[in-house]
1. Compare K109, K220, K193 in a GNM of the chain, Cα atoms joined below 10 Å, and give the one with the largest fluctuation.
2. Compute the Rg to Rh ratio over the chain from the alpha carbon atoms, using the Kirkwood formula for Rh, and round to two decimal places.
3. Among A108, G155, L213, which residue has its Cα positioned farthest towards the positive end of the charge dipole of the chain, with +1 placed on the Cβ of Lys and Arg, -1 on the Cβ of Asp and Glu, and the dipole taken about the Cα centre?
4. Highest first, please rank the peptides 79-85, 58-64 by the mean number of other Cβ atoms sitting within 10 Å of their residues.
5. Positive end of the charge dipole of the chain (Lys, Arg +1 and Asp, Glu -1 on Cβ, about the Cα centre): tell me which of T117, V10, V66 has its Cα farthest that way.
6. Hey, in the GNM for the chain with a 10 angstrom Cα cutoff, which one of P73, P203, P44 fluctuates hardest?
7. Please tell me the relative contact order of the chain in percent, rounded to the nearest whole number, where contacts are Cα pairs under 8 Å and at least six residues apart.
8. Under 10 Å, Cα contacts only: if you run a Gaussian network model on the chain, which one of H118, H95, H224 comes out with the highest mean-square fluctuation?
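Read the figures in this text as sums done on the coordinates, not as results from a lab. Because the structure is a prediction, the values reported are computed rather than measured. FYI the Cβ positions are ideal-geometry reconstructions off the backbone, even for glycines, and counts take in every protein chain you see.
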Amino acid sequence: MMLENLKKEVWRANLDLVRYGLVILTFGNASGINRKKGLVAIKPSGVSYDGMKPSDMVVVDLNGKVAEGTLNPSSDTPTHLALYRMFPRVGGIVHAHSEYATMFAQAAKEIPCLGTTHADHFHGPVPVTRFLTKREVETDYEGNTGRVIIERFAGLDPLETPAVLVAGHGPFAWGRTPAEAAQNALVLERTAKAALGTLTLDPGRRRLPDYILEKHFQRKHGPHATYGQKKGGAKK
Ligand SMILES: [Zn+2]
């Protein structure tokens, strides 16, 4: 048995998706990576969340070859792997068709930054990808889903904008750890819900002024972050 801790973290992040109300049935998946070993643990395909065990998590290498596990990995595994290969500081990824983020994805509209909850977590709008082409869907669909995300992130820092909407499909979120990825998926969902409500009340609502966005984002993420409790000095 390998990567016991990682499998446990990934198992827990999968259950977080249920606990946070982001998935139904067997939809959704969470993964995590051990960068030293270059191995990823991910939810098995089509297995129900009830009774799922850490040992059910499938371990694959960055090319998708199964290193451990008897079940098939999630069908979205190639998307996760493409993102891990391209975003070296990302340690966990989740995918869920959560309702409100999916509404924006289906409308192929980015989520504009309208308030400070958004600005605390996302440095600007949550971007939306283009639609995949017919050819991209017919060959290596899941790998190409990763590729259109990467294409959209040209010039963006994935840890400053830890989520994306795939046009016509739904959101992917990530973080330094699987738990953080699940939390970002939850914040994304609440942010999408608040944005939809705001735009319903005031369709012409303009985005949050930059000076407020920057204040909130930097307070939590900047070099002089003041949010939360300092642990043992150096803050990462
Ligand atoms: Zn999906």
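1. K220
2. Working: Rg = 17.5 Å, Rh = 18.1 Å.
My calculation of the ratio gives 0.97.
3. Value computed over the given set: L213.
4. On the way: 79-85: 23.1, 58-64: 17.1.
Most protected by this proxy first, the peptides run 79-85, 58-64.
5. Result: T117.
6. Greatest mean-square fluctuation among the candidates belongs to P203.
7. On the way: 460 pairs, mean separation 50.5, N = 236.
That works out to 21 percent.
8. H224
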